[in-house]
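The values are calculated or read from the model by the stated rules, or taken from the named source; none is laboratory data. Note that this is a predicted model, so its numbers are computed, not measured. Positions of Cβ are backbone-derived with ideal geometry, glycine not excepted, and every protein chain shown enters the neighbour counts. Each accessible area value is taken on the protein alone, full model and side chains, heavy atoms only, with ligands, DNA and RNA left out. Shrake-Rupley method; radii C 1.70, N 1.55, O 1.52, S 1.80 Å.
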Amino acid sequence: MHPLFRATQIIPVLTIERERDALPLARALAEGGLAVIEIALRTPAALAAIAAISRELPQVAVGAGTITRAADIAAAVHAGARFLVSPGTVPELAAAALAAELPYLPGVATPSEVMAARALGICVMKLFPAEALGGTAFLRALVPVFPGVAFCPTGGIGDGNVADYLALPNVPMVGGSWMAPQEAIAAGDWPRIRRLAERAATLGRAQAA
């Protein structure tokens, strides 16, 4: 795995509606022990949020998620993203992401897509949407078929099942948004988010031990 992710078990996946929330949200998560975060390019504020965090909080490794076009990659790199995540994989997008020379987690959902990503030299992939695809049972079935391939599952993962995912030999880390509920972000309840991040980080460290 890339050094950026070696000590990471849980990546908050964030949808930021207001640019002003970016810094206090990232700070609360980092203070809670989650210093690698992904901001989904789903809102007009996303790129500005990435840029603000990259500029003001260098201790936080902020990545760009929901990348679906080559133009997204160029914009994310310009904003200061330190890694890239896509919900799926097509040759043109993967080529542009690899050319950016940043850590890249391509989205996969089938064995054929895993094979296509592996053929590009990628051995760590995003499995999305994890729970809808079969969750831990699906990932367990992939272990003997794809030795040396690791997954970062996202989609449907939360406080109640994160430990089950991290217990799998092919899951070094997971992504999720449960530690940063939208209502807490909207209310500016950063202490609550810090507490949720602390709990998530504790769960992650327990599984890594």
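Quick notes on this one:
- Residue count for the range 116-130 satisfying the condition of being buried (at least 17 other Cβ atoms within 10 Å of the Cβ) and either within 14 Å of the chain's Cα centre (by Cα) or within 26 Å of T202 (Cα to Cα) (or both): 6.
- Only one of A184, A180, A94, A150 that is modelled with pLDDT of 95 or more, aliphatic (A, V, I, L, M) and farther than 24 Å from A26 by Cα: A150
- Of all residues in the range 90-105, exactly one satisfies the criterion of being among the aliphatic types (A, V, I, L, M), without any contact (Cβ under 8 Å) to a residue 12 or more places away in the chain and either crowded, with 16+ Cβ neighbours inside 10 Å or assigned to a loop (DSSP other than H, G, I, E, B) (or both), namely V90.
- L47 within 15 Å of the chain's Cα centre (by Cα) and either under 18 Å from G107 (Cα atoms) or outside any loop (DSSP other than H, G, I, E, B) (or both): no
- R27 in a helix (DSSP H, G or I) and without any contact (Cβ under 8 Å) to a residue 24 or more places away in the chain: no
- Exclusive hit being at pLDDT 95 or above, surrounded by fewer than 24 Cβ atoms within 10 Å (Cβ to Cβ) and either within 17 Å of M125 (Cα to Cα) or of a type outside the set (D, E) (or both), set R6, R42: R42
- Every pair of residues 6+ apart whose Cβ atoms lie under 7 Å, when the first sits in the range 40-54 and is polar (S, T, N, Q) while the second is open to solvent by less than 10 Å² (accessible area, probe 1.4 Å): T43/I16; S54/V62
- Test: residue in the range 175-184 that is open to solvent by less than 30 Å² (accessible area, probe 1.4 Å), in a helix (DSSP H, G or I) and not basic (K, R): yes
- Against the test of being open to solvent by 70 Å² or more (accessible area, probe 1.4 Å) and either more than 25 Å from H2 (Cβ to Cβ) or in contact with a Lys or Arg (Cβ under 8 Å, 6 or more places away or on another chain) (or both), the options A141, A187, A137 yield a single qualifying residue, A187.
- The range 30-39, residues that are at negative phi and either assigned to a loop (DSSP other than H, G, I, E, B) or surrounded by 18 or more Cβ atoms within 10 Å (Cβ to Cβ) (or both): A30, G32, L34, A35, V36, I37, E38, I39
- Single residue of the range 45-73 satisfying the filter (open to solvent by 40 Å² or more (accessible area, probe 1.4 Å), small (G, A, S) and touching a helix residue (DSSP H, G or I) at 6+ places or on another chain (Cβ under 8 Å)) that is modelled with the lowest pLDDT: A70
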